[in-house]
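S.K.: One structure follows; several queries about it will come next.
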Amino acid sequence: MKKMDRQAALPSGNLWPSVRGGITLVSASPRRADLLRQIGARFSVLPPEHGVERMTSLEPEEVVRKLAEEKTRSVGEKGEGRVLLAADTVVVLDGRILGKPRDPREAAEMLSALSGRGHKVVTGVSVLDRRSGRHASGVEVTRVRFRTLTAGEIEAYVETGEPSDKAGAYGIQGVGALLVERIEGCYFNVVGLPLARTREVLRSVVCAQAG
């Protein structure tokens, strides 16, 4: 049987929008880039120009939305893509935002707090058309429950180094999958980029751009 041509297997415009001038993913996250490659999207990558501060006075959904918007605006005219795409993800436990752990000790504290309990993973997605100035954003929420972890399991997981650059100190796409009992909602959101929501936000900008 003839092997399917990879180019032909890439999504059509009916599945993933074709963007004139290209897309720049404003992110330092390899996981977000991997998810876009997984669906065959064409894009370039540009890290945010500067760090962003958490806005603790706002609800988590507004925090991630505003931070994603700030990332798209942080790069100015840098990057090749006409359309900028950014996202920001946090873990929320009892209304408290858990970002990336500062060190192994804090990672262990986060995992201990999540053990045997449910939490939310909240991602804000922002898309900006630099030429027209048109912008759209959206938020995705997934509920995740951890199984009860032993102190030894937490220590072993921290020693893998996987928690160090991840909100909530775990990665569901890696060894961290062994910590999760169940999820309700978008799996890709927990990885860092809710693909269906991203498509929806992107289309709202691209369709207006085409019109």
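Each value in this text was obtained by applying a stated rule to the coordinates, not by laboratory testing. Values in this document were obtained by computation on a predicted structure and should not be read as measured data. Cβ: placed from backbone, ideal geometry, glycine included. Neighbour counts: every protein chain shown.
S.K.: From the backbone phi of the range 29-34, what are the Karplus-calculated ³J(HN,Hα) couplings (6.51 cos²θ - 1.76 cosθ + 1.60, θ = phi - 60°) in whole Hz, Gly and Pro given as x?
M.R.: 8, x, 5, 5, 5, 4
S.K.: Then there is this: Using only the Cα atoms of the range 59-164, what semi-axes does the equivalent ellipsoid have when each is the square root of 5 times a gyration tensor eigenvalue? Give whole Å, largest first.
M.R.: Three semi-axes, in Å: 33, 15, 10.
S.K.: Please state, rounded to one decimal and in Å, the Kirkwood hydrodynamic radius that the range 62-123 gives when every pair of distinct Cα atoms enters the mean of 1/r.
M.R.: Kirkwood hydrodynamic radius for the range 62-123: 13.6 Å.
S.K.: Now for a separate question. Any idea what diffusion coefficient the chain gets from Stokes-Einstein, in µm²/s, Kirkwood Rh on alpha carbon pairs, 25 °C, 0.890 mPa s?
M.R.: Using the Kirkwood radius from Cα pairs, D works out to 137 µm²/s.
S.K.: Right, another one. What dipole magnitude, in Debye to the nearest 20, does the chain give about its Cα centre under +1 on Lys/Arg Cβ and -1 on Asp/Glu Cβ?
M.R.: Approximately 920 debye in magnitude.
S.K.: About its Cα centre, what dipole magnitude does the range 67-162 give when the only charges are +1 on Lys and Arg Cβ and -1 on Asp and Glu Cβ, stated in debye to the nearest 20?
M.R.: Charge dipole of the range 67-162: 460 debye, to the nearest 20.
S.K.: Ordered by residue, what ³J(HN,Hα) values in Hz, to whole numbers, does the range 104-112 give under the Karplus form 6.51 cos²θ - 1.76 cosθ + 1.60, where θ = phi - 60° and Gly and Pro are x?
M.R.: x, 5, 5, 4, 5, 5, 5, 5, 5
S.K.: Between ARG182 and LEU93, what FRET efficiency comes out of the Förster formula 1/(1 + (r/R0)^6) with R0 = 22 Å and r the beta carbon distance, rounded to 0.05?
M.R.: Using R0 = 22 Å, I get an efficiency of 0.85.
S.K.: As a test of the formula, what do you get for the chain when each DSSP H run with n ≥ 4 contributes -39,500 (n - 2.57) and the sum is divided by the residue count, at 222 nm and rounded to the nearest 500 deg cm²/dmol?
M.R.: Mean residue ellipticity, 222 nm, calculated: -9500 deg cm²/dmol.
S.K.: Measure nothing fancy, just the Cα-based angle from helix 60-74's long axis to the longest principal axis of the chain, in degrees from 0 to 90, nearest 10.
M.R.: 50
S.K.: Next up: Which one, ALA169, ALA107, ALA28, has the greatest fluctuation when you compute a Gaussian network model over the chain with C-alpha springs under 10 angstrom?
M.R.: Result: ALA28 has the largest fluctuation of those listed.
S.K.: Would you mind telling me the antiparallel percentage of the DSSP bridges in the chain, rounded to 5?
M.R.: About 80 percent, rounded to the nearest 5.
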